[in-house]
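Structure, as structure tokens:
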Amino acid sequence: MALLRQDIEKTGTYSFSTQIKDDWKYFNAPDYNYRFNLKNGYFVRWGKTFDDDPPYSRLGPEIADIEISTICKGLSGIHCPYCYKVNTDTGKNMSFDVFKKVIKKINTNNQLTQVAFGLGAAGEENPALWDMCATLREQNIIPNGTVANVTEETAQKIAAHFGACAVSNHFFTAPKGNNLCYDNVKRLIDCGMKQVNIHYILARESLENAFQVLHDIKTDSRLKGLNALVFLSLKAKGRALNNNMHQLKTDEFTNLIRTALSMNISIGFDSCTFPKFSGAIEGLPNRKKLLMMAEGCESFGRFSLYVNVDGQCFPCSFCEHETGWEKGFDLLTTDFMSDVWNSREFENGRKALIKTGGVCPVFDI
């Protein structure tokens, strides 16, 4: 087993180590440990014992959401009505130099496992994307991303560089509706991608079609190799707010989730959805097992981090420009561990999340 790093925390005798053996990354510390499979994404975390669930990582994020572009031309010139970022054809790209500096800062303890890229619909809006992927792979960090409509050439590059890729379903934006999503899923699978998901925004306006997607997963040959259908909670921000879109009612959400489970369809969620999912499976005989595979909000310095295109750090992408977060931490000019991860702002949010079991302290979701 090759030892990549062993270090001592500045504040005392807190020792930790990271190791790579075959396809696995091992991270070990007295009260925080994980195993991460670099091939298939399998991840397990524990604390002092295997039965202990650590409330946060004191050594930095496991996962980073990095916005490398704010350029998105939408689908056929139509921009998503629920985009909380309100991205358009004009915007900016993060430079490769800034990206490398950001990674060096946030991976200071070699603890980072994955980076989720903030991309445009076509995937290659930032020409430095593939160089970014290469530098991550060199450090045993797996790049992932979400797209909507990619060319065959881009699909091949994604399959060669990404660990996982999601295709956003924009059925009420794209002229071809669900078919455009399914065609892109098949395109990625045919190029060799093993982990292809569908990202689906849950809103009252999209609920009826969500049931259609469940049906199609069972019947449409293009979705035969689909890994999972991932439901994302609608955020009342950006275009969703401007277009007066509505979140699902509790009974609507519960009915959808129980239908998917009864059909034995692999589903996933963003962490914002955890409280609703926990309620939706109340009373099910396998609830305990399902909860073991679910986690509440991991932002505010628990396990994840968001960095925008300017290298500014926020608890998550939804907090950006919200009250109290009009400005983020500048990763290029700060000491990450002391000024960001262990900052008063992150510490307060972290305590709130731990106290509520992962319920968002910023938005009513």
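The residues of the range 61-77 that are in contact with a Gly (Cβ under 9 Å, 6 or more places away or on another chain), buried (at least 21 other Cβ atoms within 10 Å of the Cβ) and within 19 Å of Val102 (Cβ to Cβ), listed by number, are Pro61, Ile66, Glu67, Ile68, Ser69, Thr70. Filter the range 190-208 down to the residues that are touching a residue at least 60 places away in the same chain (Cβ under 8 Å) and in a loop (DSSP other than H, G, I, E, B), then identify the one that is farthest from Asn149 (Cα to Cα). If we take residues in the range 190-208 being touching a residue at least 60 places away in the same chain (Cβ under 8 Å) and in a loop (DSSP other than H, G, I, E, B), then Ala203 is farthest from Asn149 (Cα to Cα). Scanning the range 111-127 for residues that are open to solvent by 20 Å² or more (accessible area, probe 1.4 Å) and of a type in the set (A, V, I, L, M), we see that the one that is farthest from Asn33 (Cα to Cα) is Ala122.
Conditions (1) closer than 19 Å to Thr70 by Cβ; (2) modelled with pLDDT of 95 or more; (3) surrounded by 15 or more Cβ atoms within 10 Å (Cβ to Cβ), marked per residue:
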position: Leu129; (1), (2), (3): yes, yes, yes
position: Leu136; (1), (2), (3): no, yes, yes
position: Ile142; (1), (2), (3): no, yes, yes
position: Lys157; (1), (2), (3): no, yes, yes
position: Phe162; (1), (2), (3): no, yes, yes
position: Asn169; (1), (2), (3): no, no, yes
position: Ile189; (1), (2), (3): no, yes, yes
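Residues that are at pLDDT 95 or above, of a type in the set (D, E, K, R) and either surrounded by fewer than 18 Cβ atoms within 10 Å (Cβ to Cβ) or under 29 Å from Asn87 (Cβ atoms) (or both) do occur in the range 252-274.
Can you confirm whether the range 289-296 contains a residue that is more than 17 Å from Phe318 (Cβ to Cβ), at pLDDT 95 or above and open to solvent by 70 Å² or more (accessible area, probe 1.4 Å)? No, there is no match, as no residue in the range 289-296 is more than 17 Å from Phe318 (Cβ to Cβ), at pLDDT 95 or above and open to solvent by 70 Å² or more (accessible area, probe 1.4 Å). Just checking, does the range 171-180 include any residue being closer than 25 Å to Gly77 by Cβ, open to solvent by less than 20 Å² (accessible area, probe 1.4 Å) and modelled with pLDDT of 95 or more? No, because not a single residue in the range 171-180 is closer than 25 Å to Gly77 by Cβ, open to solvent by less than 20 Å² (accessible area, probe 1.4 Å) and modelled with pLDDT of 95 or more. Within the range 83-102, residues that are among the hydroxyl-bearing types (Ser, Thr, Tyr) reach partners that are at pLDDT below 85 with beta carbons closer than 7 Å, at six or more positions or on different chains, in the pairs Tyr84/Lys235; Tyr84/Lys237; Tyr84/Gly238; Tyr84/Ala240; Thr88/His79. Specify which of the listed residues (Phe211, Phe231, Phe172) is assigned to a helix (DSSP H, G or I), in contact (Cβ under 8 Å) with a residue 40 or more places away in the chain and of a type in the set (Phe, Trp, Tyr). The unique qualifying residue is Phe211.
The requirement of being of a type in the set (Val, Ile, Thr), open to solvent by 30 Å² or more (accessible area, probe 1.4 Å) and within 18 Å of the chain's Cα centre (by Cα) is fulfilled nowhere in the range 48-58; no residue meets it. Scanning the range 316-365 for residues that are in contact with a strand residue (DSSP E or B) (Cβ under 8 Å, 6 or more places away or on another chain) and loosely packed, with under 14 Cβ neighbours inside 10 Å turns up Lys327, Asp330. The conditions of being surrounded by fewer than 20 Cβ atoms within 10 Å (Cβ to Cβ), over 30 Å from Gly120 (Cα atoms), in contact with a Gly (Cβ under 8 Å, 6 or more places away or on another chain) and modelled with pLDDT under 95 are not met by Asp22.
The values are calculated or read from the model by the stated rules, or taken from the named source; none is laboratory data. These numbers were taken from a predicted model, which means no experiment stands behind them. All Cβ positions, glycine included, derive from the backbone under ideal geometry; neighbour counts span all protein chains shown. In case anyone asks, the SASA skips ligands and DNA or RNA and just uses the protein heavy atoms, side chains included. Shrake-Rupley method; radii C 1.70, N 1.55, O 1.52, S 1.80 Å.
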